[in-house]
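Everything on this sheet refers to the single structure shown next.
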Amino acid sequence: MNMKAHLAQLGLTDHNPGTQIGNSNHNVGNDINSISPVDGATIGSTGICDASLYEEAIQAASAAAKEWRNIPAPQRGEVVRLYGEALRQHKDALGALVSYEMGKSLQEGLGEVQEMIDICDFAVGLSRQLYGLTMHSERPGHRMYEQWHPLGVVGIISAFNFPVAVWNWNTALAWVCGNACIWKPSEKTPLTAVACQNIWNEVTADLDYVPKGLSCIIQGDYKVGEMMTHDKRVAMVSATGSIRMGKIVAQAVAARLGKSLLELGGNNAIIVEPDAELKMVVPGTVFGAVGTCGQRCTSTRRLIIHSSIYDKVVDAIKSAYGQLRIGDPLDQNNHVGPLIDHDAVSAYSKALEDVVAQGGRVIVEGGVLQGPGYESGCYVKPAIAEANNDMAIVQHETFAPILYVMKYDTLDEAMAMQNGVVQGLSSAIMTTDLRSAELFLSANGSDCGIANVNIGTSGAEIGGAFGGEKETGGGRESGSDAWKGYMRRQTNTINYSTELPLAQGIKFDF
């Protein structure tokens with residue numbers, strides 16, 4: 001694969017801007033190096049955003065929001081449609097960059113860009129459907145209704161594992177709703193952000209009604225994110241990352257009574273009922289556990305298997321693991337690529353030590369791979385361990401391909417185990433029993449924001465609202481009515497009579 005050609009197509013060079021205000025680029029040094037976990041090579045670098053550049057960006061975004069909210073929503077949707085078309089043209093290059101900079105398979109990198117395209121399509125339709133409600137007034141000669149207005153500036157903090165899709169889940173909706181966006185990408189994947197902004201600039205170059213500050217990018221570490229979270233001019237902060245990070249963001253935004261949308265950790269489980277079909281269980285579990293090298297918030301961490309079929313299911317999963325090909329994710333013959341960096345490898349190794357120390361048993365050995373093709377030091381073997389649900393290491397989300405398997409005897413017991421973690425993102429049950437499926441989906445079943453039947457925990461469709469409960473943060477992005485999170489609701493009452501009756505029949509004589 002000619003990565004240099006892809007980088008050139010995306011407008012990337014050895015040194016790239018750390019602050020982008022529309023098509024205006026700024027740098028303060030070149031302090032962020034993008035190191036590929038695929039081969040350990042330096043792809044390029046970006047500058048950083050300091051306080052003065054942040055101030056310039058937020059002022060531009062604030063001014064843009066005031067202009068953009070007066071553009072009719074269908075016209076805003078047309079700009080997003082054009083962006084989606086540009087993504088189609090750059091899909092191969094951007095998908096390859098996602099794979100090379102983050103380490104996920106090329107198929108997943110291309111799939112992530114396709115999610116960007118899909119959410120643009122969704123947002124275009126939404127631009128003509130920003131509906132409010134009408135209500136009957138209790139007062140004669142009055143009419144009541146509600147409408148939705150833009151928030152202003154939406155701040156986005158994204159994680160390395162989905163370096164472009166999650167940003168676009170937010171921006172596509174925020175833009176059609178009339179907001180400006182300012183984005184702090186992960187410092188582990190800075191170049192994909194620059195590429196996205198370069199594509200945006202191509203689209204808007206000749207659109208003089210699109211204000212310059214509508215899309216801004218600020219690169220840097222957590223200190224750059226703190227500028228946004230503490231800034232009252234940022235009406236909402238959408239943050240994707242760890243639970244620890246989410247709690248910090250939530251407290252900072254809440255302290256100024258701002259609005260936050262949090263997409264945090266997952267500790268996702270699949271329950272396997274006695275009547276489950278192995279042809280559904282095996283691919284759903286294996287892809288959920290090893291896809292993106294276990295670095296999805298929806299990755300399958302726990303497999304809760306009925307005791308009567310435990311050995312059969314475990315043997316089938318182990319057999320499938322024996323067929324996994326680990327290596328360069330740009331080679332479509334491989335199933336599993338690298339972890340993001342050496343810190344992630346250390347966390348993976350420590351988790352395998354901890355599960356044994358806490359009484360578990362590793363049944364598919366892990367380990368760090370070495371030798372030709374693994375020079376980056378970021379390639380590891382997907383591992384499986386028998387464990388108890390209440391073990392500290394099982395309760396913790398390790399962002400790596402480690403699957404914990406455990407037994408249950410009754411469905412009530414299984415659902416208690418499924419719900420018995422602080423995270424509440426994704427969940428699944430494998431069963432052909434309608435009663436079991438419906439119980440799992442009922443108020444007495446899964447407590448997660450996503451609950452599936454006969455598919456795995458990993459992945460989501462654009463049409464549904466994505467997000468989780470408990471310490472996953474409670475946020476919702478993407479489909480359904482998630483657009484409402486990017487707007488403020490206003491209730492309106494119009495008196496078209498010649499009198500002024502007061503509500504609840506109150507009399508006020510004067």
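When you check Arg128 against the structure, is it touching a residue at least 40 places away in the same chain (Cβ under 8 Å), under 24 Å from Ala465 (Cβ atoms) and open to solvent by 20 Å² or more (accessible area, probe 1.4 Å), yes or no?
So Arg128 fits the description; yes.
Could you tell me which numbered condition Ala254 fails, if it satisfies all but one of (1) open to solvent by 10 Å² or more (accessible area, probe 1.4 Å); (2) closer than 22 Å to Glu108 by Cα?
(2)
Any residue that is surrounded by fewer than 18 Cβ atoms within 10 Å (Cβ to Cβ), more than 27 Å from Ile340 (Cβ to Cβ) and modelled with pLDDT of 95 or more - is there at least one of those in the stretch 46-53?
Yes, there is a match, as at least one residue in the stretch 46-53 is surrounded by fewer than 18 Cβ atoms within 10 Å (Cβ to Cβ), more than 27 Å from Ile340 (Cβ to Cβ) and modelled with pLDDT of 95 or more.
Quick check on the stretch 436-447. Is at least one of its residues modelled with pLDDT of 95 or more and touching a Phe, Trp or Tyr at 6+ places or on another chain (Cβ under 8 Å)?
Yes: the stretch 436-447 contains one or more residues that are modelled with pLDDT of 95 or more and touching a Phe, Trp or Tyr at 6+ places or on another chain (Cβ under 8 Å).
So in the stretch 297-319, with the set limited to residues that are hydrophobic (A, V, I, L, M, F, W, C) and buried (at least 20 other Cβ atoms within 10 Å of the Cβ), which one is farthest from Pro274 (Cα to Cα)?
Cys297
Could you check how many residues of the stretch 6-58 are aliphatic (A, V, I, L, M), within 18 Å of Leu94 (Cβ to Cβ) and assigned to a helix (DSSP H, G or I)?
So the count comes out to 2.
Pick from Met417, Met430: which is closer than 30 Å to Glu112 by Cβ and over 23 Å from the mean Cα position of the chain (by Cα)?
Exactly one residue qualifies, and that residue is Met430.
Is it true that some residue in the stretch 386-398 is closer than 21 Å to Val38 by Cβ, of a type outside the set (Val, Ile, Thr), open to solvent by less than 30 Å² (accessible area, probe 1.4 Å) and in contact (Cβ under 8 Å) with a residue 60 or more places away in the chain?
No, the stretch 386-398 has no match at all.
In this structure, is Ala172 in contact with a His (Cβ under 9 Å, 6 or more places away or on another chain), touching a residue at least 24 places away in the same chain (Cβ under 8 Å), within 24 Å of Ala460 (Cβ to Cβ) and crowded, with 22+ Cβ neighbours inside 10 Å?
So Ala172 does not fit the description; no.
Every residue in the stretch 257-282 that is small (Gly, Ala, Ser) and crowded, with 24+ Cβ neighbours inside 10 Å, please.
Correct list: Gly265, Gly266, Ala269.
Any idea which of (1) touching a helix residue (DSSP H, G or I) at 6+ places or on another chain (Cβ under 8 Å); (2) free of Cβ contacts under 8 Å to residues at least 12 places away in the same chain is the one Cys216 doesn't satisfy?
Condition not satisfied by Cys216: (2).
Give the stretch 212-247 a look and list any residue that's open to solvent by less than 10 Å² (accessible area, probe 1.4 Å) and over 25 Å from Gln295 (Cβ atoms), or say none.
Once the filter is applied, which keeps residues that are open to solvent by less than 10 Å² (accessible area, probe 1.4 Å) and over 25 Å from Gln295 (Cβ atoms), the stretch 212-247 yields Gly213, Leu214, Ser215, Cys216, Val234, Met236.
So that you can scan it fast, the table gives a plain yes or no per residue for (1) crowded, with 18+ Cβ neighbours inside 10 Å; (2) farther than 21 Å from Gln332 by Cα; (3) in contact (Cβ under 8 Å) with a residue 24 or more places away in the chain:
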| residue | (1), (2), (3) |
| --- | --- |
| Ile58 | yes, yes, yes |
| Pro72 | no, yes, no |
| Gly84 | yes, yes, yes |
| His90 | yes, no, yes |
| Cys120 | yes, yes, yes |
| Val164 | yes, no, yes |
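Filter the stretch 433-485 down to the residues that are within 14 Å of the chain's Cα centre (by Cα) and aliphatic (A, V, I, L, M), then identify the one that is surrounded by the most Cβ atoms within 10 Å (Cβ to Cβ).
Across the stretch 433-485, the extreme among qualifying residues is Ile450.
Could you list all residues from the stretch 230-259 that are under 23 Å from Gly459 (Cα atoms) and polar (S, T, N, Q)?
Of everything in the stretch 230-259, those that are under 23 Å from Gly459 (Cα atoms) and polar (S, T, N, Q) turn out to be Ser238, Thr240, Ser242.
What are the residues in the stretch 333-351 that are open to solvent by 30 Å² or more (accessible area, probe 1.4 Å), within 18 Å of Tyr404 (Cβ to Cβ) and either in contact (Cβ under 8 Å) with a residue 60 or more places away in the chain or among the hydrophobic types (A, V, I, L, M, F, W, C) (or both), if any?
Once the filter is applied, which keeps residues that are open to solvent by 30 Å² or more (accessible area, probe 1.4 Å), within 18 Å of Tyr404 (Cβ to Cβ) and either in contact (Cβ under 8 Å) with a residue 60 or more places away in the chain or among the hydrophobic types (A, V, I, L, M, F, W, C) (or both), the stretch 333-351 yields only Ala347.
Only one of these is touching a Phe, Trp or Tyr at 6+ places or on another chain (Cβ under 9 Å) and free of Cβ contacts under 8 Å to residues at least 40 places away in the same chain: Ala465, Ala482, Ala451, Ala460. Name it.
Ala451
Pairs, please: C-beta under 8 Å, at least 6 apart or cross-chain, first residue in a loop (DSSP other than H, G, I, E, B) and aromatic (Phe, Trp, Tyr) and in the stretch 485-510, second open to solvent by 70 Å² or more (accessible area, probe 1.4 Å) and modelled with pLDDT of 95 or more?
The qualifying pairs are Tyr496/Arg143.
The values are calculated or read from the model by the stated rules, or taken from the named source; none is laboratory data. Everything numeric in this text was worked out from a predicted model, so none of it was measured. We place every Cβ from the backbone using ideal geometry, glycine too, and count neighbours over all the protein chains shown. Protein only, heavy atoms only, side chains kept; ligands, DNA and RNA dropped before computing areas. Shrake-Rupley method; radii C 1.70, N 1.55, O 1.52, S 1.80 Å.
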